[in-house]
Amino acid sequence: MKRDIYELFSNQTDLTIEQIIMNIAISAILGFLIYFSYYITHRGTIYSKKFNASLVVLTTLTGMVMTVIGNNIALSLGMVGALSIVRFRTAIKDSRDTVYIFWTIVVGICCGIGDYIVASVGSGVVFVVLILLGLIRSDNRMLIIVRGARNMESTVQSVMFLTLRKKAKLRVKNTTGESVEFIYETTEKALQRVAAKGENISDMLYKAGDIEYVNIVMQNDEVSN
């Protein structure tokens, strides 16, 4: 019984130098595929070359770790304990970055245990899916912020209704004794249709008089531009 338990915790498949090189090399190759995928599908405001390069390194390192661990339970438990003391402070700005990090780890694990077919086919499928999803563009939300004199309240509402109709939704209305501020939400296409008619919301509001400022802000899932 004791011998069986010992063999369970000490059992490790002996790998040849060719297998070790193959595990790490394929991890690196697929890591570059992930690098290329991130490069061409990134739609965020800020593209980080350092983060993209770290994806290749993370894939290779995961493959190395899995090659060392093999099916050795003792090593795997020790690795879990060692990694538990590592704290990552880097903030993930885009939820898609988490997908790429998870992708690199999965590829590294597959290559580390020698399952190259799953790593290759799975990476190819994920690559195609990300390319297709990257072609889908959402209609960016636009915020129109208008601040003016308190007596311009009804005038601002009339201008917004006449130009954008139901495409402009009032989200915020702030008032003081002397001023009023509106925040309307609309879409980029709605503003483009207004511009196609030769109209300009900002000019129309300023012509009404007593308007302090008109700000148009693009809002998406990442940051405001």
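The values are calculated or read from the model by the stated rules, or taken from the named source; none is laboratory data. Since we're looking at a predicted model, the values are computed, not measured. Please note: Cβ atoms are built from the backbone with ideal geometry, for glycine as well, and neighbour counts cover all protein chains shown.
Residue count for region 132-191 satisfying the condition of being under 30 Å from residue 37 (Cβ atoms) and in a helix (DSSP H, G or I): 5. Would region 150-157 turn up any residue that is small (Gly, Ala, Ser) and farther than 30 Å from residue 41 by Cβ? Checked region 150-157: at least one residue is small (Gly, Ala, Ser) and farther than 30 Å from residue 41 by Cβ. What about residue 132, is it surrounded by fewer than 16 Cβ atoms within 10 Å (Cβ to Cβ), closer than 19 Å to residue 211 by Cα, modelled with pLDDT under 85 and not hydroxyl-bearing (Ser, Thr, Tyr)? Criteria not met by residue 132.
Here residue 100 passes the criteria (1) modelled with pLDDT of 85 or more; (2) surrounded by fewer than 18 Cβ atoms within 10 Å (Cβ to Cβ) except the one numbered (2).
Residue by residue, here is whether (1) closer than 30 Å to residue 96 by Cβ; (2) at pLDDT below 85; (3) of a type in the set (A, V, I, L, M) holds:
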| position | (1), (2), (3) |
| --- | --- |
| 162 | no, yes, yes |
| 172 | yes, no, yes |
| 180 | no, no, yes |
| 185 | yes, no, no |
| 188 | yes, yes, no |
| 203 | no, no, no |
| 208 | no, yes, yes |
| 215 | yes, no, no |
| 221 | yes, yes, no |
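On inspection, residue 186 does not qualify as more than 30 Å from residue 66 (Cβ to Cβ), in the same structural domain as residue 205 (by TED's automatic domain parsing) and over 28 Å from the mean Cα position of the chain (by Cα).
Residue 43 meets the stated requirement of being under 25 Å from residue 129 (Cα atoms) and modelled with pLDDT under 70.
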